[in-house]
Amino acid sequence: MKKFLTIFLCCLMLTPLAACGGTAEAEPSIVPQVTASQPVETEAPAITSINLDYDQTDLELDIKDTFSIPVEVLEEGADTAGLKFSTTKPAVLTFTPQEDGGALVGVVTPKAEGTAEISVFTGQVQSQVITVTVIDAERIAAEEAAAQKAAEEEAARKAAEEEAARKAAEEAAAQQAAQQQQQQSQQSQSNGRTVYITPTGKRYHYDNHCNGGTYIPSTISEAQAMGLTPCKKCAGG
C-alpha cells in the first residue's frame with residue numbers, strides 16, 4: 001500500500017512538468033524588424049526655357065580669340081546633359097558645351113572668317129539665336145596699312161604731278177611774258193625807227209634815196225598815224 005501511494009504521488013508531480021515541457025513545440029515569438037529609410041528618387045524636371053546669357057544679338061570675334069556664353073535653364077535641377085549646341089557653319093566656328101566653376105557655358109571657337117548663327121536647344125525648346133561674325137584683325141590691319149600706304153603714294157604722285165604742272169605753267173607764262181616783252185620792245189624800237197616820207201607820198205621809206213625823191217625824216221609810228229604804208233621796194237611793204 002505504501003509503495004502504491006509513492007508511485008501515485010510521483011505521477012502527480014510529473015503531470016504538470018509534462019504539461020509545461022512535454023514534446024509540444026513552443027510558439028515562435030514575433031520580433032519587429034527595423035529597416036533604414038531609403039531616399040525616394042524624383043524625376044528631373046523637363047526643360048521649358050533656355051537662355052544664352054548675352055544681351056546682344058550680334059557678336060564680333062577675332063579669329064584668334066574664343067568667347068564663353070553662360071547657358072541658363074528656367075527649371076532648377078533640370079538635366080542639361082541632353083542640351084544640343086548648334087552652329088550653322090561649323091567651318092566658320094564651333095559652339096561646344098563646357099563646365100566653368102560648376103556652371104554650364106557654351107564656348108565659341110573661331111575657325112575661319114565669316115558669319116554663323118549659334119543657339120542651344122533640346123527637343124522643341126530653343127534659346128535665342130546669336131549671330132557671330134569672325135574677323136581676322138591682323139589681316140584687316142595689314143590691308144588697311146597697305147591701302148593707307150597706297151593712298152599716300154598716290155597723293156604724293158598727284159602732288160608731284162601738280163607741282164610739275166605748276167612749274168611748267170609758270171615757265172610757260174614767264175616765257176610768254178618774255179616773248180611779249182621782246183615783241184613790245186621790238187615794236188617800240190620799230191615804231192621809233194627813222195623812216196622817210198614825202199609831203200604828198202603814200203609810202204614811208206627806209207632808204208632816203210629810194211626812187212630819187214625828196215624825203216623828210218619821220219618815225220614809223222608817225223608815218224602810220226598819217227596813214228602811210230611801207231614801201232614795197234625798200235621797207236618790205
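The values are calculated or read from the model by the stated rules, or taken from the named source; none is laboratory data. All of these numbers come straight from a predicted model, not from anything done at the bench. FYI the Cβ positions are ideal-geometry reconstructions off the backbone, even for glycines, and counts take in every protein chain you see. Protein only, heavy atoms only, side chains kept; ligands, DNA and RNA dropped before computing areas. Shrake-Rupley method; radii C 1.70, N 1.55, O 1.52, S 1.80 Å.
Output the number of the condition that Ala151 fails; it satisfies all remaining conditions of (1) open to solvent by less than 90 Å² (accessible area, probe 1.4 Å); (2) in contact (Cβ under 8 Å) with a residue 12 or more places away in the chain.
Among (1) open to solvent by less than 90 Å² (accessible area, probe 1.4 Å); (2) in contact (Cβ under 8 Å) with a residue 12 or more places away in the chain, the lone unmet condition for Ala151 is (2).
Among the numbered conditions (1) of a type outside the set (S, T, N, Q); (2) modelled with pLDDT of 95 or more; (3) part of a helix (DSSP H, G or I), tell me where Ala177 comes up short.
Unmet condition: (2).
Among the residues of the stretch 105-118, is there at least one that is open to solvent by less than 40 Å² (accessible area, probe 1.4 Å), under 25 Å from the mean Cα position of the chain (by Cα) and at positive phi?
The answer is yes, given that some residue of the stretch 105-118 is open to solvent by less than 40 Å² (accessible area, probe 1.4 Å), under 25 Å from the mean Cα position of the chain (by Cα) and at positive phi.
Quick one: in the stretch 43-98, of everything that is of a type in the set (D, E, K, R) and not in a loop (DSSP other than H, G, I, E, B), which residue is surrounded by the fewest Cβ atoms within 10 Å (Cβ to Cβ)?
In this case the residue turns out to be Asp58.
Would you confirm whether or not the stretch 180-188 contains a residue that is surrounded by 10 or more Cβ atoms within 10 Å (Cβ to Cβ), within 60 Å of the chain's Cα centre (by Cα) and of a type outside the set (Gly, Ala, Ser)?
No; the residues of the stretch 180-188 include none that is surrounded by 10 or more Cβ atoms within 10 Å (Cβ to Cβ), within 60 Å of the chain's Cα centre (by Cα) and of a type outside the set (Gly, Ala, Ser).
Any idea which residue in the stretch 203-226 is modelled with the lowest pLDDT, counting only those that are open to solvent by less than 80 Å² (accessible area, probe 1.4 Å) and in a loop (DSSP other than H, G, I, E, B)?
Residue satisfying both the conditions and the ranking: Gly213.
Count, please, the residues in the stretch 110-137 that happen to be acidic (Asp, Glu) and either in contact with a strand residue (DSSP E or B) (Cβ under 6 Å, 6 or more places away or on another chain) or under 24 Å from Ile47 (Cβ atoms) (or both).
Adding up the residues that qualify gives 2.
Select from the stretch 119-145 the residues that are assigned to a strand (DSSP E or B) and open to solvent by 60 Å² or more (accessible area, probe 1.4 Å) and list them in ascending order.
Phe121, Gln126
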